[in-house]
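Quick note: the coordinates plus some simple rules give every number you see, no bench work behind them. Since the model is a prediction, treat every value here as computed from it, not as a measurement. Methodologically, a virtual Cβ is constructed for each residue, glycine included, from the backbone with ideal geometry; neighbour enumeration extends over all protein chains shown.
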Amino acid sequence: MKRSLLSALALGCCWMFSPESLALIGNLAGQAGWAIFPPFALITLCFMICAALLTHQDLPAYDFPAQNNKAFSSILISTLTFAAILPLTIISATALLVTAGYAFNEVFLYWFPNFGFAFLLLGLLTGLQFFTEKIKLGAQVFFIGITMLGLLTLSAYGIFLSSPNIMVTTLADQGRASSTSFFPWQVLIFLPLVYVGTLFPGERHNRAGTILIPAIGFVLFLIWVAASLNNVTLERLASSGIPHMTTARKILGNPGRYIMGVIVIAGSCGAVNGFFILCQRMLTDPLSKHKEKAYTNPQLFLPVLLAACIGVAMATGLAGETLLENLLRAALFLWLLYMVARCIAALFWLYRQKGLVPIPALLSTLALSIVLIGLPLGDPEQQQLILCILSALSAGMLIAICQFFINTSARKEKTT
């Protein structure tokens, strides 16, 4: 398997195997029991089709095939790009690093301050961004590899080595599971996956691997959920704030707790490092579109700027507030909005330039668009969520306008 394909897989899994996703999948398993698998299979299929669309061999290399040099379209595309990746990187890193700090404090060293470990990880991951691309991607593969290995180890013990008297959830429990409809936020577990196929231009041989990333996630989640349902009651999974830790301890006792501690820390590092890499790749071109390094050098200032924002968020206690959850949902919503916009642009380009109308991609994009509309409508904190979304879009537009005028001024200076 080529290094670039491993890197794409590791980047695609950066959010999916994070502690936030593990907590969400555990709660959903507790609410729905074995009935969790059919909707997740449909979600997986939708994202596989979207990945195939965005890595279509006839599409041009840049993100939005319909983009042009007009001011309005340029600002609109930049607004979506900034609003999609910047809040997601900052907010998710804040939540995940604090989670890793608590895990290290409670599982490994009680005397070590949890926020001290969170800031230590932030410093190390920020420093990692100044190394070569090969080293950063190698670290990403290591983080995700450790996470997957730990989950597979615990799952194997939970499924094959559990005593019959602790098999607490059977297929018959499906009817007794919570009949609450699936909250549409579950679709966001797979979100970052469909972008990575375009991160390695000129390497179309990796297209099949990129399309299979959601399937890899689905299979691993299936195994982990099966282990969870075999060892922990539905009620406990649904009500626990850390169902993954509960399951790990039930499966292997204290060793399972240590393994899950490593998974949480490695998964957090993989998610934060992955979003740092995605952020730099997505914003390097918009911020230095005309290669005027005197104005901007994203490879240098972006990691420092992101780390400063994350550090301020952690220092001000945002991680302990309900606001962080709303901000995280808003950031994930904006990422889905960005992905749907890219899919729509790709469909239009294929139709106008090639006369192609890929029906599966069209239906999958329509399904994700419906989910996109339903997310804020079904959210219990609807008003605050919409306010967070509009604030992020406004900030993204402000940055996009500044970037447009800077690039315009640089282009004029270059021609004079």
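Can you sort T233, T94 so the residue with the fewest Cβ neighbours within 10 Å comes first?
If I rank by nearby Cβ atoms, fewest first, I get T233, T94.
May I ask for the net charge around E325, where only other residues with Cβ less than 15 Å from the Cβ of E325 are counted and Lys, Arg are +1 while Asp, Glu are -1?
Numbers: positive: R329; negative: E20, E321, D379, E381.
Overall, the nearby charge balance is -3.
³J(HN,Hα) across the stretch 354-371 via Karplus (A = 6.51, B = -1.76, C = 1.60, θ = phi - 60°), whole Hz, x for Gly/Pro?
Per-residue couplings from phi come out as 10, x, 9, 10, x, 4, x, 5, 4, 5, 5, 5, 5, 4, 5, 5, 5, 4 Hz.
Would you please put 124-130, 136-142 in order of how densely packed they are, using the mean number of other Cβ atoms within 10 angstrom per residue and starting with the highest?
On the way: 124-130: 16.9, 136-142: 18.9.
Descending mean neighbour count gives 136-142, 124-130.
Ranked by Cβ crowding within 10 angstrom, fewest neighbours first, how are Y157, Y351 ordered? The partial results should precede the final answer.
Working: Y157 18, Y351 13.
Least to most surrounded, the residues fall as Y351, Y157.
Can you tell me the length gained on complete extension of the stretch C402 to F142, counting 0.36 nm per residue apart and subtracting the Cα distance?
Difference between extended and current length: 89.8 nm.
Sort F160, F143 so that the residue with the fewest other Cβ atoms within 10 Å of its own Cβ comes first and the one with the most comes last.
Starting with the residue having the fewest Cβ neighbours, the order is F160, F143.
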